[in-house]
Each structure stands twice: as C-alpha cells, then as structure tokens.
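To start, the structure itself, in structure tokens.
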Amino acid sequence: MPARRAVPLCSLMAASALWLLFGAVVVVNYDTLYAILWGDQLLHGQAPEFTVAGAPTPHPLLTLLGVIAAPLAGGGSAGGLAFVAFVGYFATVACGVLLWVVGQRSLGVAAGALAAVLLLTREPVLSYGLRAYIDLPYLALLLAAVGLELSERRRGAPVLVLLTLAGLLRPEAWLLSLAYLAWLSREEGRWRRPSASLVLLAVAAPLLWAVTDLLLTGDPFFSFSGTRAGAERLERPTGVSGLVEIAPRRIGEILRVDVLAGAIAGAALLLRRRPRGSELVAAATLVAAVAFAFVALGGLPVIVRYLLPFGAAGCLAYGYALSGWRSEPSIPIGRLWAAGAALLLLGSSLLAPAQLDRLTRLHASLSDQQGAIDEARILVKSASCGPIAVPNRRPVPLVAMWTGKPAASVVTTQDHGVPAYGTYLLPSSHKAAKAFILDSRDRDRAIPPPPKGWELVGRSAHWHVYSRCP
C-alpha cells in the first residue's frame, strides 16, 4: 500500500485504539474551544471575540477548523466536542506514524519504529495531543513535509503546501518555507531563479495570516502583538534567558533523562556516521531551531508544547543510538556501540515504571476533568438567571458555548468581582479546583467564598451553584 494511503489509515486505526485506551475521554483545551466559539460567531455573521479579556492568539488554520467544527460543537455538546477531541487523537497518532516514516527513510526501520514508540509514550505529547492542541497537527505537517522530501528530493510545491499549512498554525514554519525555497533554488553549486508559484507558496503563510488579522481585527500584526503582550502579562519566559535557561529544561521534560541522554549520544553518532537522509533531518531541525530562536527573541513565550518538534528529533536520535550499531562497519566499534545501546535500554527499562505512572496520572486527570465539565454543562444549562459568573477565565469559552452568549458576557470574579445578581459556579473543594479551575497563572489561587445573600441552588461532585435573581 502506498505511504500516502497507509499513513492516514494506520493513524485512524491507532487513534481509535488510543481513544478506547483512554476511555474516550473528551477534554478540549482552552485555545481550541475559543477557536470553535469564533468559528460559530463567523458562521452567524458576527465578528469573532479576539479582543475579549483572556482570549488566546488566533491562528488562521485553527480558526478555519473552528468554522468547520462549529456546526457540531458550537453549542459545547458532548458529541460535538468528542469529534474535536478525536481529531486531536488522530493528529497525535499521525505524528508517531509520520515520525516512523521519517526515521525509516533516513536512519533505518528500527530507528523509526523506536522513535515513534518513544514519542507516543511521552506524557507531554499525549497531554497536549489528547486535549486537541494545535501543536500536534503542526508537528504532523512538519513531519509529513520532511517525509515527502525524503521520498524524492526537491519535490517542490507539495512540500511547500504542507509547510504553508504548518505556517498557518505556528510562525516558525515561515522560515522553514523560505529555507526550503533557497534549497530548491540552488542546484549543482549554482543558483537558479525559482518559479513565481513557488515563491508565492513560500510566503503565503505570513501573508495569509496578516490578511486574516487585518480583515477580522483591522490590525495585520494583531496576533504577534497580542501574543507578545500575553507573554508579558503572564510572565512567561522569553528572549535570551528563555532560550538558554528554559528551553533545554522543557525539552528534558518532554524526553525525560534517559531518552535525553540517549538522544545526545545518538546525535554524536550521527555526526560521525552521517547515514543517507540524516542530513536533511538535521538541516530541518537546525532551521526549526533558528526559527524558534527568532520567535523567542521577538518576545514570544518559550513553553513546552512549542518545543515538541525538538522532542521528536530527540526521539529519532535515541532510536539511532539504540539501533545504528547494526550497520557499523567496524566490528570493535559496533560491539562497543551495542554495549552502550544495551546500557541505554537498561536505563530506560528501569525508568519505565515512572513513565507509566505519569501516563496513569494523565489518564486520571483527564477523566476527572471530563467529569467536571459534564457536571458544569448540566448546572449551567439549568441556570435560572444570568449572567453566569465563574472564579477565573478558564471555563469562559465553555460557558459561552453552553449559554449561546458572547464570552464577554461571562463574569470572571477575579477580574470583575461578584455581580449584583446572576448564577455563580464555584468549585466544591480544593481537589475540584485543582482539577479544573485553578491555573498557575491566576493572580489569586484561593477558592472565593460563596457570596452573601446568594442561595445554593445546585451541587455536584465538583461544583456548587449559587443564584440570586432580580
């Protein structure tokens, strides 16, 4: 079966298995919920609420997906959000399948298979993927572009189309598109002028992003300035300190110490052996690193999910460290390499229970969050009067979906205090608050007391609902 058919089919089957393994849990992240909300507003001819307090950065391709998903999930229905969540499962598994494709085309079948297994057992990868963050579709598009180029060099437009789609999710792909255009323009030591269509494809993503911002907000740089302002407001690491001090730690959080050590060893071995195809993977990783450095130095934040491409590269290097000895021509070096690989494998085996514990805790956390969301949906829909008040901004997009009202109509008491009347949704315990409400970026992590004069009208395992109607 051709790879173009095998990859989506394998991804669909594996995503279904992962869905069942995690109990079909449905927890869609804050950014994607807002994209669905914006998509619903666009379908109804309304301006999307990009400027509401706490709104995430809009990404053109995610907003488009929000438009597509809104008819199913626009009301925050369980079935509609399940569809969105399954897309996240599919993208996650697709990253593993595509990493295997890239690995087997550059470092060998064993290295690719090991890398795929490693990637799909990293807790941050599953955490972000199962909650439908854009970073897994972004990574899948990058891996698809690299895999396509490995199958036949200088593919041109098909690779640029994939990078353009990636560039509508993350700006780092813009530099990858330009670097690939430069690669296409140089052949046999000579520069040649690229076609106008290739140039247009290479610059399409930033142009489309700017045009989208201009049409929807009146400011072509709205996303960039908004993200930078948000990073400052939330005190997220940026700039040189973020790159030098924080980024290596975050990559370590993705890979963990055993895989990180093996990845470093594998990178050193790759520099020595340089198997056919590895130069392309190394070049793509290097350009991605330069692009990420530009983004961070521009004031955008350094957070774990933005570093997933480097986690994937680390998994490839680790896979090569474990399997590359089989093609080593020098018998003494091959034996030494095999012994080192055995030690790496032993170290990973000893740490496997801890990794399994992380995945078990992730499953429990997602299940608990889904329970809290299901309960909140029922309680909010039965509210006798508005506005709906919540302690912080995290439940805002869901409440807006459930009530069919703008996000700006949901009162966050940390920002605006308790309203004179309405319905107030409060976590019932510190455990419930930690599972769903409390956010490390909140100014005040305490659970506010129930307001005086408000009547307790509903309760569940995670919530208390108070009401005061005019």
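Answer yes or no: is there a residue in the range 56-68 that is among the hydrophobic types (A, V, I, L, M, F, W, C), closer than 24 Å to G371 by Cα and in the same structural domain as D135 (by TED's automatic domain parsing).
Just the residues of the range 56-68 that are among the hydrophobic types (A, V, I, L, M, F, W, C), to begin with: 61-62, 64-65, 67-68.
In the following step, the residues that additionally are closer than 24 Å to G371 by Cα were identified as none.
Checked against the condition, which is being among the hydrophobic types (A, V, I, L, M, F, W, C), closer than 24 Å to G371 by Cα and in the same structural domain as D135 (by TED's automatic domain parsing), the range 56-68 yields no hits at all.
Is the range 264-282 home to any residue that is assigned by TED's automatic domain parsing to the domain that holds S323 and in contact with an Asp or Glu (Cβ under 7 Å, 6 or more places away or on another chain)? Spell out how you get there, then give the answer.
Let us first name the residues in the range 264-282 that are assigned by TED's automatic domain parsing to the domain that holds S323, namely 264-282.
Of the ones still in play, those that are also in contact with an Asp or Glu (Cβ under 7 Å, 6 or more places away or on another chain) are 280.
Yes, some residue in the range 264-282 is assigned by TED's automatic domain parsing to the domain that holds S323 and in contact with an Asp or Glu (Cβ under 7 Å, 6 or more places away or on another chain).
Output the number of residues of the range 207-263 satisfying the condition of being within 25 Å of G311 (Cα to Cα), over 21 Å from the mean Cα position of the chain (by Cα) and in a loop (DSSP other than H, G, I, E, B).
Going through the range 207-263 one residue at a time, the tally reaches 0.
For the list (1) crowded, with 17+ Cβ neighbours inside 10 Å; (2) at pLDDT below 90; (3) closer than 29 Å to A47 by Cβ, I need the number of the one condition that D442 fails.
Result: D442 fails condition (1) only.
Looking for whichever is out of contact with any Leu (no Cβ under 6 Å at 6 or more places or on another chain), of a type outside the set (D, E, K, R) and closer than 16 Å to G76 by Cα here; the options are G417, G371. Which one fits?
The match here is G371.
Report the residue count in the range 452-468 for those that are more than 14 Å from K381 (Cβ to Cβ) and not basic (K, R).
Residues meeting the conditions: 8.
I'm checking my understanding of the structure. Among residues of the range 278-299 that are touching a Gly at 6+ places or on another chain (Cβ under 9 Å) and crowded, with 19+ Cβ neighbours inside 10 Å, which one is farthest from G108 (Cα to Cα)?
Of everything passing the filter in the range 278-299, A296 is farthest from G108 (Cα to Cα).
Find the residue count for the range 338-367, including only residues that are of a type outside the set (G, A, S), without any contact (Cβ under 8 Å) to a residue 24 or more places away in the chain and within 20 Å of R326 (Cβ to Cβ).
The qualifying residues number 3.
Got a sec? Which of G88, G108, G189, G156 is of a type outside the set (D, E), closer than 17 Å to C315 by Cα and at pLDDT below 95?
So the residue among G88, G108, G189, G156 that is of a type outside the set (D, E), closer than 17 Å to C315 by Cα and at pLDDT below 95 is G108.
Enumerate the pairs (first residue in the range 187-206 and closer than 21 Å to L175 by Cβ; second residue anywhere and crowded, with 17+ Cβ neighbours inside 10 Å and of a type in the set (V, I, T)) with beta-carbon separation below 6 Å, excluding pairs fewer than 6 apart on the same chain, so at least 6 apart or on different chains.
Hits for this filter: L201/T164; A204/T164; A205/T164.
Please specify each residue of the range 63-118 satisfying the condition of being assigned to a helix (DSSP H, G or I), surrounded by fewer than 23 Cβ atoms within 10 Å (Cβ to Cβ) and not hydrophobic (A, V, I, L, M, F, W, C).
Hits for the range 63-118 are T63, P71, G79, G80, Q104, R105.
So for the range 45-57 (the condition being touching a Gly at 6+ places or on another chain (Cβ under 7 Å) and touching a residue at least 24 places away in the same chain (Cβ under 8 Å)), does at least one residue qualify?
Checked against the condition, which is being touching a Gly at 6+ places or on another chain (Cβ under 7 Å) and touching a residue at least 24 places away in the same chain (Cβ under 8 Å), the range 45-57 yields at least one hit.
Checking V161 against (1) within 16 Å of G298 (Cβ to Cβ); (2) at pLDDT 95 or above, only one condition comes out false. Which one?
In the conditions (1) within 16 Å of G298 (Cβ to Cβ); (2) at pLDDT 95 or above, V161 misses (1) alone.
Please go through the range 99-117 and give me each residue that is more than 21 Å from the chain's Cα centre (by Cα) and among the hydrophobic types (A, V, I, L, M, F, W, C), ordered by number.
Hits for the range 99-117 are L107, V109, A110, A111, A113, L114.
Could you tell me which of the residues R192, R186 is charged (D, E, K, R) and touching a strand residue (DSSP E or B) at 6+ places or on another chain (Cβ under 9 Å)? Write out each step before concluding.
Working: R186 fails: touching a strand residue (DSSP E or B) at 6+ places or on another chain (Cβ under 9 Å).
Exactly one of R192, R186 is charged (D, E, K, R) and touching a strand residue (DSSP E or B) at 6+ places or on another chain (Cβ under 9 Å), namely R192.
Can you find even one residue in the range 166-187 that is under 20 Å from A284 (Cα atoms), of a type in the set (D, E) and in the same structural domain as I303 (by TED's automatic domain parsing)?
Scanning the range 166-187, I find at least one residue that is under 20 Å from A284 (Cα atoms), of a type in the set (D, E) and in the same structural domain as I303 (by TED's automatic domain parsing), so the answer is yes.
List the number of the failed condition for I378; all other conditions in (1) of a type in the set (A, V, I, L, M, F, W, C); (2) touching a strand residue (DSSP E or B) at 6+ places or on another chain (Cβ under 9 Å); (3) within 29 Å of T238 (Cβ to Cβ) hold.
Every listed condition holds for I378 apart from (3).
Can you list residue pairs whose Cβ atoms sit under 9 Å apart, with the first residue in the range 71-86 being closer than 19 Å to A14 by Cβ and the second being of a type in the set (S, T, Y) and surrounded by 17 or more Cβ atoms within 10 Å (Cβ to Cβ)? Count only pairs 6 or more apart in sequence or on different chains.
Listed pairs, sorted by first residue: V84/T32.
The values are calculated or read from the model by the stated rules, or taken from the named source; none is laboratory data. These figures come from a predicted structure and were not determined experimentally. Here Cβ is always computed from backbone atoms with ideal geometry, including for glycine, and neighbour counts include all displayed protein chains.
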